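Taking it in order: structure first as C-alpha cells, then the write-up.
Every number in this text was worked out from the coordinates using simple rules, so none of it is lab data. The model shown is predicted, which means the values in this text are computed figures rather than measured ones. Because the Cβ atoms are built from the backbone with ideal geometry, glycine has one as well, and the counts that use them run over all protein chains shown.
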Amino acid sequence: VSYSVTTPASPVLAATDKVALLIGNMHYLHHKQLQAPVVDVHALGALLRQLDFKVVSLLDLRKAEMQMAVDEFLLLLDKGVYAGLLYYAGHGYENFGNSFMVPIDAPSAYTSEHCLCVQRVLREMQQRRTGLNIFLLDMCRKRNLNDDIIPQVGALEVTANIVFGYATCADAEAYELSQGELSNGIFVTFLKRWLLEDEKITVLLDKVAEDMGTLEITRGRQALELRSNLSERRALTDPIRPPRQDESSARNLQWAKAHVLPESRHLCFDCGVTVQLGFAAEFSNIMIIYTRVVAAPKDITKCEARLTDIPEELDVDIKCTNKESPEDLGSPLVPVWSLSCPSCCLYSRICGLQKLRQELAFTVCLQYRYQGMDDFVEERQRVNVGRPLIAKLNLQ
C-alpha cells in the first residue's frame, strides 16, 4: 500500500508596511570625523525606496535629536510592520553584550549615558508588535574602557523575528573605503550589491559576508557578523498588504510630514527683476535652496540673488551658500539632486533642519547694476518657507 503525502503550500509572507530609519553621524565635535556615512546612507535609502520602504534618512544628530528621531520612527510602526530597518553609520561601541550608537555631541570620554542603546530601541520596537526587526550597525564594536556601567535594558521578548547585521565582529573596528572623493563603508560597499535580491534576509546577509571575506585589505581585521532568531522566510522584497486603509493612511501621513519640500516660487522686486526660488532634498534634514534670475529689464546689465540671514541654530557653513556651481557645495551627492535643478543658479546647502525651533525664514538679497553705472543697487525680500522636511516633526 502506498500513501501520498501532500505538503501544504507555504503561506505568502507579507508586511503591513515597510519602514526604515537611516542615521549617519560624521561631523563629531570631540572625535574623529568620518567620511562614509553621507554616501552610505544615501545609497541605502535609494535602494530601500525601490523595495517600497518608507525611508527617513538623517545626518549628524546630537543625542536628543537621535532619541527624538527614534521616537518618531516608533510612531510609524505597528503590528506586522517590517520595522525594517534601523541602519546606523558612525562611531559606536559594545559593552556587556549591548551596542551603543554615539551621537555627534558625545564628550571625549563618553559613556552609555551619552549614547543610545540599540537593545533598548529593539525592546521598544517589539512592543509595537512589528513583523520583522532588522538592525544594520555600521560601526566599531570595541569595548569602551570609560564605561563600566551595565545598562538595565529590560527583558527582550522571544519573537523569532530579529536580525542583527554587524559590520564587524565583537571587539573589532569597521573601516571606510576611499574611492576618489567618495568614501564608502566596507559593509555598504558589499551590502548594496545584494540588497534588492529576493532572498531571506539572513541568506542575503550571508552572501554579503562571503563577499566581504574576499577583500584582501580587511582580511583578519573586519568581518560581518550575523545574529538572528528569524524563523520564517522573511525578505525585504515581501509585498505590502495593509490590514486596514485607515491605519496605513495614518502612517503614510506621519511619514509624509518629513518629506515635504517648500513649493518653488517667484519673487518680484521693485526694479522689475523676477527671481525663482527652488528647493531640492539631499536627506530628510538637508535641503538645497537655489535662486535664479528669470526676468530682468533691459537696462539692468548684471544681477544676482543671494541668501542671507539664515537662522543661526542651523549652523550653516558660509562656504556652502550662494555658490555658482553645485559642485562648489562640497557634497558628494551633487550628481543626484542637481539633475532636477535649472542652470545659472546660486546654490545653498542648508543642513541640520531638525534643529529648527520655528519656521524657516531668510532674506533674498538682490544686487543689480544699471547699464552705464558702476555701483550696485540692492533690494531685499524676507521669505518664510515654513517647516521643511524633518523640521515638521519638531525633533529639538
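When DSSP beta bridges are limited to those with both residues in the chain, what percentage is antiparallel, rounded to the nearest 5? The antiparallel proportion sits near 65 percent.
Amide H to amide H, with H built 1.01 Å from N, LEU136 comes under 5 Å of LEU86, TYR87, TYR88, GLY165, counting only residues 5 or more places away or on other chains.
What is the fewest-to-most order of SER325, SER99, SER338, SER343 by other Cβ atoms lying within 10 Å of their Cβ?
Working: SER325 12, SER99 23, SER338 20, SER343 8.
With the sparsest Cβ surroundings first, the list reads SER343, SER325, SER338, SER99.
A value for volume of the Cα convex hull per residue in Å³ was derived from the coordinates, and within the list (1) 179; (2) 229; (3) 171 it appears as (1). Listed by Cβ neighbour count within 10 Å, with the fewest neighbours leading, ASP52, ASP78, ASP40, ASP270 appear as ASP270, ASP52, ASP78, ASP40. As a proxy for reagent exposure, LYS79, LYS18 were ordered by neighbouring Cβ count within 10 angstrom, fewest first; the result is LYS79, LYS18.
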